[in-house]
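Here is the structure we will look at.
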Amino acid sequence: MKLDRPGGADHARGAASETIRFATPAPFAWCCPRCRGALAAEGPDATACAACGARYACVGGIPDLRLPGPSWIDHEADRALARRWLAETADLDLEAAVRWIYASRPDWDAERIARRTREVMRGPARLADDVAGWLAPCLGGGPDDPFLDVGCGNGTLLAAAAAAGRPGIGIDVSMAWLVVAARMIAEHGGHPVLACAMAEALPLADGTVGGVVSLDVIEHVGDPAAYLREISRVARAGCRLALATPNRFSLTAEPHVFVWGVGWLPRPLQARYVRWRSGKSYDYNRLLSTREAMRLLRRCTRFDARLVVPPVSEHDIAQFPEGRARLARLYNRLASVRALRPLFLAVGPFFRVVGICRPDAGNGSGQHRTARP
Ligand SMILES: [Zn+2]
C-alpha cells in the first residue's frame, strides 16, 4: 500500500477551492487511528496527532486517516481524484458532479454512467423508508449523539437521515466519494462530519457511539473480524447496530458480478470462477452466509444480534416492470411467513443483522479494547 505517512510533500498543496470544515461535535471528535490521541489541525491541508506525532492530509476539510492495509482502493490515486473533483466540479450541480466521478472511470460507457448517476441521485429518497423503518432505532439520539455510518460511500444514507432530522457522522475508505458525500449531505440539509478511514481502524475513542449503521460493507472489507471488533470497540452499552449484506448462498446471481452460484463454491475457487464466467475481478468481494455472519458477530463483538429477512422495498417495487413487481410482492408475502423464515435466511438474496451492545463488564470483551496513548 502506498499510503504510509499522510501529509507528505506530495499532498502539502490543496486545490484553491477547498474549504475547511473541521468542525466536529465535541464528543465525536475524530481521533488518531494509530493511538487514539487527539487530532489538531495543522493549516488547511493537514492534521496531526498530539500524542504520537502522526500527520494526516486533509482534502476539502475531510481528514485522511487511512492506515496502510489491505484495501480495494489505491489511496494515493483516490486522494488525487478527490482533489481534482473539488477543483473541477465546484460550478456544477450535484447530479453533474456525481456524473463526473463515473465519467472519470476508464471503460465506462455513457449508458452505465447515466444509470449509476441516476441511482446515486435517487439514493436518499430510496432510503427514506429504511430511515423511518428498520434503521430508525439505530440512528442515534439527536444532534449531540449522532449515529456512525461505517462505509458511508457517497453519503446517501447520511443525506436521507439528515433530511429526516437524524444527524450522523460517516467514515469511508474512498476520499473521492467522501467529497461527494459532503455535498450530498449538505444539499439534504445536513452538516457533513466525515473522515476517510479504514473500517478496521476507526478514528473514534472506545465506547462513544450510540448507533452504528453499515450497509453492504462487511462483504468488501479486507478483514471482516477486525471490522466487527472495531464497531464493537467504539459502541457504548445499549448501542444499536444495523448491518445489511448479500447472502453467500443466495439462489439468485451474485449481485456484484451477476454470476450464478459463486457463493456455493469453496472460497479459493470463487475468483477464478467469476473471471472465467464474466471476465471480472472478484477481489474484495467475500459474501458471508447468515451462519458465518452470526458466528463472526458472536466471536468479535459485544452485540446481542439477530437476523432479519429484508422485504423488497415498496420504493424499488414501484420502479420494477409489472412481472418483476408481481414476483417481488409474492417474495414479500412469503418472506413474512414465519415457517418459511429459515429458508429465506438460508438462501434468500440478502439478509440484515440488528443488535444491541451489551455492557462491558463480565462478558470477556476486554480483549477487544485497545491501548490508549
Ligand atoms: Zn497518534
Task: Hits in the stretch 59-74 (condition: within 16 Å of the ligand (Cβ to nearest atom) and out of contact with any Gly (no Cβ under 9 Å at 6 or more places or on another chain)) - done: 63, 65, 66, 67, 68
- [ ] Name the one entry in 245, 208, 252 that is in contact with a Pro (Cβ under 9 Å, 6 or more places away or on another chain), closer than 29 Å to residue 327 by Cβ and among the hydroxyl-bearing types (Ser, Thr, Tyr).
- [x] 252
TODO: Mind counting the residues in the stretch 297-324 that are within 26 Å of residue 72 (Cα to Cα) and surrounded by fewer than 18 Cβ atoms within 10 Å (Cβ to Cβ)?
DONE: 1
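Conditions tested, residue by residue: (1) over 30 Å from residue 203 (Cα atoms); (2) in contact with a strand residue (DSSP E or B) (Cβ under 9 Å, 6 or more places away or on another chain); (3) buried (at least 19 other Cβ atoms within 10 Å of the Cβ).
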site: 69; (1), (2), (3): no, no, no
site: 72; (1), (2), (3): no, no, no
site: 80; (1), (2), (3): no, no, no
site: 88; (1), (2), (3): no, no, no
site: 94; (1), (2), (3): no, no, no
site: 98; (1), (2), (3): no, no, yes
site: 101; (1), (2), (3): no, no, yes
site: 107; (1), (2), (3): yes, no, no
site: 111; (1), (2), (3): yes, no, no
TODO: Take the stretch 193-205 and flag every residue that is of a type outside the set (A, V, I, L, M, F, W, C) and open to solvent by less than 20 Å² (accessible area, probe 1.4 Å).
DONE: 203
Task: Selection count where residues are closer than 23 Å to residue 335 by Cα and open to solvent by 30 Å² or more (accessible area, probe 1.4 Å), scope the stretch 282-293 - done: 2
Task: Scan of the stretch 34-58 for residues that are within 11 Å of the ligand (Cβ to nearest atom), open to solvent by 10 Å² or more (accessible area, probe 1.4 Å) and part of a loop (DSSP other than H, G, I, E, B), ordered by number - done: 34, 35, 36, 50, 51, 52, 53
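Any residue at all in the stretch 245-265 that's at pLDDT 95 or above and either surrounded by fewer than 18 Cβ atoms within 10 Å (Cβ to Cβ) or not aromatic (Phe, Trp, Tyr) (or both)?
Checked the stretch 245-265: no residue is at pLDDT 95 or above and either surrounded by fewer than 18 Cβ atoms within 10 Å (Cβ to Cβ) or not aromatic (Phe, Trp, Tyr) (or both).
The values are calculated or read from the model by the stated rules, or taken from the named source; none is laboratory data. Nothing here was measured: the structure is a model prediction, and the numbers come from that model. So basically every Cβ, Gly included, is an ideal-geometry build from the backbone, and we count neighbours across all protein chains shown. All accessible areas refer to the heavy atoms of the entire protein, side chains included, with ligands and DNA or RNA removed. Shrake-Rupley method; radii C 1.70, N 1.55, O 1.52, S 1.80 Å.
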